[in-house]
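Contents: one structure, followed by commentary.
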Amino acid sequence: MLIILLGPPGAGKGTQAERLVKEFAFAYISTGDILRKAVKEKTILGRKAQDYMDSGQLVPDDLVVDIVKERLQEPDCQKGALLDGFPRTFAQAVALDKMLLMIGTKIDTVVLLEVDESELIDRLTGRRVCSNCGANYHMKFNPPKVRNVCDKCGGDLFQRDDDALETVKERLEVYKKQTEPLIDFYREKDLLSVIDGNKDIEDVFKQIDAVITDIEER
Ligand code: ADP
Ligand code: ADP
Ligand code: ZN
């Protein structure tokens, strides 16, 4: 099983992925998480990616395509994988199709989370992330039990630099220009499952759960 989570920054992809991975035992592949780890560890990849990420631009396709190609061939992906934040350009989508042909697998569905723009801005500017385990919170919509402390591991929560208002606006523009065209690309392949992402976290989860359960039962 291969599921892609598609949607603008702040749509709730990471939040839903956390729950889906528990429910369905997928391997979780978030290119954003992989890149942030590389930046933190100052690896070659991280040094190449940092300036793009800080300014809200996409990192070059070849960097992310290589990451995903390697990751998809790791043994845990055999039982199924959930892709979050990839593909994000037409070139990445084409590269993914090529990879999948090589490893003999295919995309089961592309889950599109649709959320209104004003809601996206509120979600992103209030987002907090655990510095230890990466869990996602929101100051208002999904607060931790203790202020700035992760419920799951006790780690400190922080605000991502790219969640500042100006960078958020830039990222939403980048999404519209570079990623939104993928919606039609996957719709034409009859792979798109459209989800109303404006609803609360539980309701969105139920919608996605129903889509995946339906695929499993086919
Ligand atoms: P969000 O969860 O807010 O959508 P991500 O964590 O997925 O953001 O991505 C953070 C940043 O990492 C992006 O702004 C971009 O610079 C980089 N990035 C992540 N995935 C990709 C990708 N598939 N292609 C290019 N850049 C990416
Ligand atoms: P993405 O990975 O798509 O960028 P996240 O999952 O990180 O999005 O969610 C962005 C922010 O919005 C986080 O602070 C998260 O807690 C919050 N959030 C996610 N889903 C919802 C929802 N359905 N309703 C309200 N807030 C949400
Ligand atoms: Zn944590």
### Message
Can you tell me how many residues within the range 81-99 are farther than 21 Å from R36 by Cβ and either in contact with a strand residue (DSSP E or B) (Cβ under 7 Å, 6 or more places away or on another chain) or of a type in the set (G, A, S) (or both)?
### Response
3
### Query
Are there any helices (runs of 4 or more DSSP H) wholly within the range 1-74 with 2 or more residues that are touching a residue at least 40 places away in the same chain (Cβ under 8 Å) and either over 14 Å from the mean Cα position of the chain (by Cα) or closer than 20 Å to Y186 by Cα (or both), and if so which?
13-24, 44-54, 61-72
### Task
Being closer than 24 Å to K169 by Cα and within 16 Å of ligand 3 (Cβ to nearest atom) is the filter here, so list the residues in the range 1-39 that pass it.
G14, T15, A17, S30, D33, R36, K37
### Query
What is the residue count in the range 103-121 for residues that are in contact with a helix residue (DSSP H, G or I) (Cβ under 9 Å, 6 or more places away or on another chain) and more than 11 Å from ligand 1 (Cβ to nearest atom)?
12
### Summary
Selection over the range 129-159 where residues are touching a helix residue (DSSP H, G or I) at 6+ places or on another chain (Cβ under 7 Å) and either of a type in the set (K, R) or more than 14 Å from T15 (Cβ to Cβ) (or both) yields a count of 0
### Message
Within the range 49-73, take every residue that is surrounded by 15 or more Cβ atoms within 10 Å (Cβ to Cβ) and closer than 21 Å to L101 by Cβ and give me the one that is farthest from ligand 2 (Cβ to nearest atom).
### Response
K69
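For a quick check of your reading: which helices (runs of 4 or more DSSP H) sit entirely within the range 128-218 and have at least 3 residues that are in contact with a strand residue (DSSP E or B) (Cβ under 8 Å, 6 or more places away or on another chain) and either under 20 Å from E114 (Cα atoms) or away from ligand 3 (no atom under 16 Å from the Cβ) (or both)?
Numbers: elements: 165-174, 181-188, 201-216.
Of the helices (runs of 4 or more DSSP H) lying wholly inside the range 128-218, those with at least 3 residues that are in contact with a strand residue (DSSP E or B) (Cβ under 8 Å, 6 or more places away or on another chain) and either under 20 Å from E114 (Cα atoms) or away from ligand 3 (no atom under 16 Å from the Cβ) (or both) span 181-188, 201-216.
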### Those residues of the range 129-144 which are more than 20 Å from L5 (Cβ to Cβ) and either hydroxyl-bearing (S, T, Y) or within 14 Å of ligand 1 (Cβ to nearest atom) (or both), in sequence order
S131
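Read the figures in this text as sums done on the coordinates, not as results from a lab. What you are looking at is a predicted structure, and each value in this text was computed from that prediction instead of being measured. Cβ atoms come from the backbone with ideal geometry, glycine included; neighbour counts cover every protein chain shown.
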